[in-house]
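Worksheet: one structure, shown below.
The values are calculated or read from the model by the stated rules, or taken from the named source; none is laboratory data. What you are looking at is a predicted structure, and each value in this text was computed from that prediction instead of being measured. Positions of Cβ are backbone-derived with ideal geometry, glycine not excepted, and every protein chain shown enters the neighbour counts.
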Ligand code: SF4
């Protein structure tokens, strides 16, 4: 059995081998780091500004730190970012980046510019385990949670790449956690990354400009309210439990009544706040006038707005997008009942960057999903990874 000395030695050796990645540390985390190494905590603000505002990763360039501290950081710490594997630009200006977070795993992030805004959609997990039936990410399976560094790195990388794009410099005005994964199932890492997005000495976004989208992990909605209240979006997609159980299996655990109660609590003491409800319209499944009436009744006493998302097809999805008149009809029923509703324009469809189409490259943990993915037909324009047999062993 290891003695305490052994443990300390092992930890010291590991620390020697694995420098601490400071990219994902919040202000509090960095203050603690400096306390532990015998430095004064105000260094944390200096470092946050270098890393997230100046976007400098080389400690030797951080000129307001002493020479000794720079040398020590260079020896014991790093600011390490994931690698951009590919960039695709849509004819409508949308940009999708494939980001490698480990040898076999990539996630996707998307920048969607419009006249007034530049929205960055980022991922929180490698794949997703929630299996919503209309979502391409779900088909890839699930590998792991992203670290806080890997989440905030997406904001860091996109800001840097957009600022350096001399042909088309764009500013990110909004960040949405609507990419791959269920953010509330990666709670601590997501909250740390959110804090860095909001922190004045880091990225400095206003709370209302950062939106977390959840399929409805009810206890964590309450926890988020306590820890870091950003704007909330809920992937609803059905107006009753019978249908939602089929489309969003998480509903069996947290049914609509409990989910809406949590949404009410989330905004109850903020007169200006609204919860956004996302509703993917699937032809013949959830798109009738009766569904719209049910949805309006459900949201009648909530400060809510609805985003209608015409389904973005992917191979073998089994679903279709409703015709335009059906979508307009659905919206009119909601509007007539005073529910603020917008129909989201499909953006980046030509590069598979539209809502529900993100896929990345996920080395799924489940053998069944790995087999299915390995045998999946290549989608035009995407890389398909064929797994060697030894990687298909459970
Ligand atoms: S819609 Fe969101 S929660 Fe559902 S499977 Fe896709 S990524 Fe996961």
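Return the residues of region 109-126 that are assigned to a strand (DSSP E or B) and within 16 Å of the ligand (Cβ to nearest atom); say none if nothing qualifies. Before the answer, list the steps.
Restricting attention to region 109-126, the residues satisfying the condition of being assigned to a strand (DSSP E or B) are 109-113, 118-121, 125-126.
Once the filter is applied, which keeps residues that are assigned to a strand (DSSP E or B) and within 16 Å of the ligand (Cβ to nearest atom), region 109-126 yields 109, 110, 121, 125, 126.
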Check: Only one of 155, 171 is outside any helix (DSSP H, G or I), more than 10 Å from the ligand (Cβ to nearest atom) and in contact with a strand residue (DSSP E or B) (Cβ under 9 Å, 6 or more places away or on another chain); which?
Finding: 171
Check: Out of (1) assigned to a loop (DSSP other than H, G, I, E, B); (2) more than 9 Å from the ligand (Cβ to nearest atom), what's the single condition that is false for residue 176?
Finding: (1)
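Out of region 127-150, which residues are farther than 16 Å from residue 368 by Cα and within 11 Å of the ligand (Cβ to nearest atom)? Let's see the steps before the verdict.
Filtering region 127-150 for residues farther than 16 Å from residue 368 by Cα gives 132-136, 144-150.
Those that are farther than 16 Å from residue 368 by Cα and within 11 Å of the ligand (Cβ to nearest atom): 132, 133, 134, 135, 136.
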Next item on the list: Hey, could you check region 198-218 for residues that are more than 16 Å from the ligand (Cβ to nearest atom) and closer than 30 Å to residue 134 by Cα and say which is nearest to the chain's Cα centre (by Cα)?
Entry: 210
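Per-residue answers, yes or no, for (1) modelled with pLDDT of 95 or more; (2) closer than 18 Å to residue 124 by Cβ; (3) in the same structural domain as residue 344 (by TED's automatic domain parsing); (4) loosely packed, with under 15 Cβ neighbours inside 10 Å:
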{"position": "198", "(1), (2), (3), (4)": "yes, yes, yes, no"}
{"position": "214", "(1), (2), (3), (4)": "yes, yes, yes, no"}
{"position": "217", "(1), (2), (3), (4)": "yes, yes, yes, no"}
{"position": "224", "(1), (2), (3), (4)": "yes, yes, yes, no"}
{"position": "229", "(1), (2), (3), (4)": "yes, yes, yes, no"}
{"position": "236", "(1), (2), (3), (4)": "yes, no, yes, no"}
{"position": "247", "(1), (2), (3), (4)": "yes, no, yes, no"}
{"position": "263", "(1), (2), (3), (4)": "yes, no, yes, no"}
{"position": "272", "(1), (2), (3), (4)": "no, no, yes, yes"}
Check: Only one residue in 91, 57 is more than 23 Å from residue 231 (Cβ to Cβ) and either assigned to a strand (DSSP E or B) or touching a residue at least 40 places away in the same chain (Cβ under 8 Å) (or both), so which one is that?
Finding: 91
Note to self: Condition first: farther than 19 Å from residue 296 by Cα and assigned to a loop (DSSP other than H, G, I, E, B). Now tell me which residues in region 233-282 satisfy that.
What the structure shows: 248, 253, 254, 268, 269, 270, 271, 272
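Could you please let me know if residue 294 is in a helix (DSSP H, G or I), at pLDDT 95 or above and touching a helix residue (DSSP H, G or I) at 6+ places or on another chain (Cβ under 6 Å)? If you could, list the steps in order and put the result at the bottom.
Numbers: in a helix (DSSP H, G or I): yes; at pLDDT 95 or above: yes; touching a helix residue (DSSP H, G or I) at 6+ places or on another chain (Cβ under 6 Å): no.
Judged against the criteria, residue 294 is not a match.
Yes/no matrix, rows are residues, columns are (1) surrounded by 15 or more Cβ atoms within 10 Å (Cβ to Cβ); (2) farther than 30 Å from residue 279 by Cβ:
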site: 63; (1), (2): no, yes
site: 75; (1), (2): no, yes
site: 82; (1), (2): yes, yes
site: 93; (1), (2): yes, no
site: 108; (1), (2): yes, no
site: 117; (1), (2): no, no
site: 153; (1), (2): yes, yes
